[in-house]
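Okay, structure first, notes after.
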Amino acid sequence: QVQLVESGGGLVQAGGSLRLSCAASGRTFSSYTMAWFRQAPGKEREFVAAPSWSGGNTNYADSVKGRFTISRDNAKNTMYLQMNSLKPEDTAVYYCAAGPGVIFARRHVAYWGQGTQVTVSS
């Protein structure tokens, strides 16, 4: 099993910034990838961003393009999400996700972290 631990969530005013981290431990594999999802109250869990793990392009949800930046450190099995220009609609629990291949939808996810709360006040 793969263990995922998110950190960096918190309370911030609109226009502010936060940086989330996700560290993976346990069994990994050659095509192991990670991604960020989020879930707001009363809404479905949605894809946010995925880094490039094997030389491909990064992927972002349209709602966060230009504001969020994803990165990763393969040697540490750690993924980061720099969130700038935060909006109240970004308020959600942010989840780290991992899977055996490319991840850009929930169907690709094999493991989930416990989530970290991001609250953006207006």
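How do the peptides 10-17, 76-83 rank, highest first, by the average count of neighbouring beta carbon atoms within 10 Å per residue? Can you show the working numbers first?
On the way: 10-17: 12.8, 76-83: 19.4.
Per-residue Cβ counts within 10 Å, averaged per peptide and sorted highest first, yield 76-83, 10-17.
Taking amide hydrogens as modeled 1.01 Å from N in the peptide plane, which residues meet the under 5 Å criterion relative to residue 49, leaving out close sequence neighbours?
So residue 49 has HN proximity to 36, 61.
If you find the alpha carbon centre of region 89-122 and of region 1-70, how far apart are they in angstrom?
Cα centres, region 89-122 to region 1-70: 6 Å.
For the chain, what is the relative contact order in percent, using Cα pairs closer than 8 Å and at least 6 residues apart in sequence?
Working: 301 pairs, mean separation 44.1, N = 122.
Once normalised by length, the contact order is 36 percent.
Give a residue-ordered list of calculated ³J(HN,Hα) values for region 40-46 (Karplus: 6.51 cos²θ - 1.76 cosθ + 1.60, θ = phi - 60°; whole Hz; x for Gly, Pro).
My calculation for region 40-46 gives 8, x, x, 10, 6, 5, 10 Hz in order.
Tell me which residues come under 5 Å, amide H to amide H, from residue 115 once H is placed; ignore anything under 5 positions away on its chain.
6, 96
For every other residue with a beta carbon closer than 14 angstrom to the beta carbon of residue 4, add +1 if it is Lys or Arg and -1 if Asp or Glu, then tell me the sum. It would help to have the intermediate numbers written out before the result.
Working: positive: 27, 72, 76; negative: 6.
Computed value for this residue: +2.
What is the percent carbon and sulfur in the accessible area of the chain, measuring with a 1.4 Å probe over the protein chains and ignoring ligands? Intermediate results must be reported in sequence, preceding the final value.
Numbers: 2850 of 6310 Å².
Using a 1.4 Å probe with all protein chains present, the chain comes out at 45 percent carbon and sulfur.
Going 7 Å from the Cα of residue 39 along its beta-carbon direction, which residues of region 67-105 have the amide nitrogen within less than 16 Å of the resulting point?
Under cut-off, by backbone N: 91-98, 105.
List, in order, the whole-Hz ³J(HN,Hα) value for each residue of region 93-104 obtained from phi through the Karplus relation with A = 6.51, B = -1.76, C = 1.60 and θ = phi - 60°; use x for Gly and Pro.
Rounded to whole hertz, the list is 8, 9, 10, 7, 9, 9, x, x, x, 4, 10, 8.
How much accessible area per residue does the chain have, counting only protein heavy atoms and a probe of 1.4 Å, in square angstrom?
Details: 6310 Å² over 122 residues.
Heavy-atom accessible area per residue stands at 52 Å².
So which aspartates and glutamates can residue 87 reach, going by Cα to Cα under 16 Å and dropping same-chain residues fewer than 8 places off?
Cross-link targets: 62.
Starting from the amide H of residue 91, placed 1.01 Å from N in the peptide plane, find each other amide H under 5 Å away whose residue is 5 or more places distant or on another chain.
Answer set, sorted by chain and number: 120.
Please give me, ordered by residue number, the GluC sites (Glu not before Pro) of region 16-122 that lie in loop per DSSP and have at most 11 other Cβ atoms within 10 Å.
Qualifying residues, ordered by number: 44.
The values are calculated or read from the model by the stated rules, or taken from the named source; none is laboratory data. All figures in this text were calculated on a predicted structure; none of them were measured in a lab. All Cβ positions, glycine included, derive from the backbone under ideal geometry; neighbour counts span all protein chains shown. Just the protein is used for accessible areas: all its heavy atoms, side chains included, with ligands, DNA and RNA removed. Shrake-Rupley method; radii C 1.70, N 1.55, O 1.52, S 1.80 Å.
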